[in-house]
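The values are calculated or read from the model by the stated rules, or taken from the named source; none is laboratory data. All values derive from a computational prediction rather than experimental measurement. FYI the Cβ positions are ideal-geometry reconstructions off the backbone, even for glycines, and counts take in every protein chain you see.
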Amino acid sequence: MINMRDDQIKLTGRWAANEIPSWILLIQCIAFTVLYASWILPHTVAVRNIALVVGSVLSIYPIYLNRQIFLSKKAYPVWLMLGLFIWIAIHFLLIAKNKNIQYLELNRIWKYVLIGFIFALGFGFSLGSIRKDSIKFNAWIVIFTAIMLPTLIYVFKYFINTQVFIGGLVIPDYLKTYRTEDVFYIPKSDYVAFVLPSISLALGCIKTLSKQEPIQGFNFSYKSIWLKYLIYGIAISSSLFVFYQQNIKNGMVYAAILGMGLVSWLAISAVSSKKNRYRNVIFCILTVSILSYAGHAHLQREDTWKTLAADISVAAQINKYQEWKYAGDKGYPSNQYGSRVQISTYERVAWLLAGASLALKNPLGYGLVEDSFRFLAQMHWPEVSPNLSHTHSGWLDLILAIGFPGFFFVIACLLTAMWRSMQILQPWRDMVFWCLLANLLLWCTTEVSSTISLMSLIFWINLATGITLMNDRK
């Protein structure tokens, strides 16, 4: 058992965290691992629900143990998140335009989001209260592995399917990888939502390692820092491999943005300081090489980038070119080169602009996490296709669903956790900031306003909130 304290102690204006029994922390870590590994896997609803319920029940104790923190000023993100749930209830009772479907979503989505909120907050309290370095290190290993599992599962499936390790065996359907709809198909948006955080976290960890000076000589401490570099390099490469094999454009773009951010930081550090200069230059070169190789391979197979500007120019004229309303039933316009616009580029840009206009006309939202764009579009343009669904911009779809008030609750909590992460101890600082940064980016242009992705987003925000509340640097 970890040492317990019976009461809260106020130190230098901050609440000192009560440490949690080790068995509770252990089961929470296992539940998180099971949840994160199975979240996007088809036909694992029962497994996910068991992990959610077990984690949330165990999280009640650390929340209760640290209940006095809710009376402090810094607890306002928790109250903002509770405000989100109150707003959802008010929206359903007073504003909802389609109560029947919205009621189904309350049971199918928001119920589990609320359970995940309890799990994440209590788990964050448990992680933030750890004082022993050995326990903190073990928890970090488990959590980093859990974050990598969606990527590792895909890589395992890919090699099984290509029979690298196994020859001549019949592969069961659940171990196959799919590029099109199938019983065990996983959407590209789910891969972005659950693979991009692993890239972001690995890049953040490399940034932290670049500031550390390894002990000279061939010993464990010296080797361990390079082992970490190797692990994070494998994490980045394998995640890019998933994006390449699934031909996920926005995943590649966000990985490039995050990677170039790291390269810029390393380059500035190499110029401004002699400390670790050569090591930072080496990792600048390695990072650029990995990103360049992955980017070049992606561009060779993806033609949509070649006419991107021309296609966007056409898509931006949503009143002149209205083919976006019909989801392909009436064909697509041509760009300035006389060729048909790339469908994905044209539709996503046009839907983004149309969705933005609908959001301004309906600032309180329609009420549905999924398909609010379709219903609002049908209200304003009766001729639109019933096959319309999302704008493919997660944040915009969320605004169309729960309005600007609901969006404010979510984004305020996310940005607060990112800002506070600068004041907490490692390794949680890297995990909180870089995983939330990945979520902030991927929700910009990804079709992630859905059951699983919304649960994941709220979970990450509240996990980060719990850690930052407990783990302020003393």
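Descriptive notes on the structure:
- Residue among Ser385, Ser389, Ser453, Ser372 that alone is of a type outside the set (Asp, Glu) and within 19 Å of the chain's Cα centre (by Cα): Ser453
- Of everything in segment 302-342 that is crowded, with 20+ Cβ neighbours inside 10 Å, assigned to a helix (DSSP H, G or I) and out of contact with any Leu (no Cβ under 9 Å at 6 or more places or on another chain), the residue that is modelled with the lowest pLDDT is Asp311.
- Cβ separations smaller than 9 Å between residues 6+ apart or across chains give the following pairs from segment 18-42 residues that are in contact (Cβ under 8 Å) with a residue 12 or more places away in the chain and within 23 Å of Cys435 (Cβ to Cβ) to residues that are assigned to a helix (DSSP H, G or I) and among the acidic types (Asp, Glu): Trp39/Asp190; Ile40/Asp190.
- Segment 43-60, residues that are hydroxyl-bearing (Ser, Thr, Tyr) and part of a helix (DSSP H, G or I): Ser56, Ser59
- Selection from segment 420-455 of residues that are of a type in the set (Gly, Ala, Ser) and over 11 Å from Pro197 (Cα atoms): Ser421, Ser449, Ser450, Ser453
- Residue check for Ile411: more than 30 Å from Leu469 (Cα to Cα) and out of contact with any Lys or Arg (no Cβ under 7 Å at 6 or more places or on another chain): no
- Residue in segment 436-445 that is part of a loop (DSSP other than H, G, I, E, B), of a type in the set (Gly, Ala, Ser), within 20 Å of the chain's Cα centre (by Cα) and within 24 Å of Gly251 (Cβ to Cβ) present: no
- In segment 257-278, the residue that is nearest to Pro197 (Cα to Cα) out of those that are at pLDDT 80 or above and touching a Ser or Thr at 6+ places or on another chain (Cβ under 8 Å) is Leu258.
- Only one of Tyr191, Tyr254, Tyr229 that is in a helix (DSSP H, G or I), modelled with pLDDT under 85 and of a type in the set (Phe, Trp, Tyr): Tyr229
- Test result for Ile24, closer than 30 Å to Phe407 by Cβ and either surrounded by 15 or more Cβ atoms within 10 Å (Cβ to Cβ) or aromatic (Phe, Trp, Tyr) (or both): no
- Single residue of segment 27-50 satisfying the filter (small (Gly, Ala, Ser) and over 16 Å from Gly124 (Cα atoms)) that is surrounded by the fewest Cβ atoms within 10 Å (Cβ to Cβ): Ala46
- Pairing residues of segment 336-350 that are in contact (Cβ under 8 Å) with a residue 24 or more places away in the chain and within 10 Å of Asp311 (Cβ to Cβ) with residues that are surrounded by 14 or more Cβ atoms within 10 Å (Cβ to Cβ) and of a type in the set (D, E, K, R), at Cβ distances under 6 Å and at least 6 apart in sequence or on separate chains, gives Val341/Asp311; Gln342/Asp311; Thr345/Asp311; Tyr346/Asp311.
- The residues on offer are Ser56, Ser22, Ser72, Ser38, and the sole one that is hydroxyl-bearing (Ser, Thr, Tyr), out of contact with any Ser or Thr (no Cβ under 8 Å at 6 or more places or on another chain) and over 26 Å from Ala412 (Cα atoms) is Ser22.
- Residue match in segment 61-78 (condition: modelled with pLDDT under 90, more than 30 Å from Phe375 (Cβ to Cβ) and part of a loop (DSSP other than H, G, I, E, B)): yes
- Scope segment 104-138; condition more than 17 Å from Ser450 (Cβ to Cβ), at pLDDT below 90 and either assigned to a helix (DSSP H, G or I) or out of contact with any Pro (no Cβ under 9 Å at 6 or more places or on another chain) (or both); matching residues: Gly128, Ile130, Arg131, Lys132, Asp133, Ser134, Ile135, Lys136, Phe137, Asn138
- Unique match (being out of contact with any Asp or Glu (no Cβ under 6 Å at 6 or more places or on another chain), without any contact (Cβ under 8 Å) to a residue 60 or more places away in the chain and not hydroxyl-bearing (Ser, Thr, Tyr)) among Val78, Val113, Val53, Val45: Val45
- For segment 343-394, the set of residues classified as polar (S, T, N, Q), out of contact with any Ser or Thr (no Cβ under 7 Å at 6 or more places or on another chain) and in a loop (DSSP other than H, G, I, E, B) consists of Asn362, Ser385, Asn387, Ser389, Thr391, listed by residue number.
- Within segment 343-373, the set of residues being over 21 Å from Val410 (Cα atoms) and surrounded by 19 or more Cβ atoms within 10 Å (Cβ to Cβ) comprises Thr345, Tyr346, Glu347, Arg348, Val349, Ala350, Trp351, Ala354.
- Residues of segment 420-448 that are among the aliphatic types (A, V, I, L, M), closer than 17 Å to Phe137 by Cβ and in contact with a Phe, Trp or Tyr (Cβ under 7 Å, 6 or more places away or on another chain): none at all.
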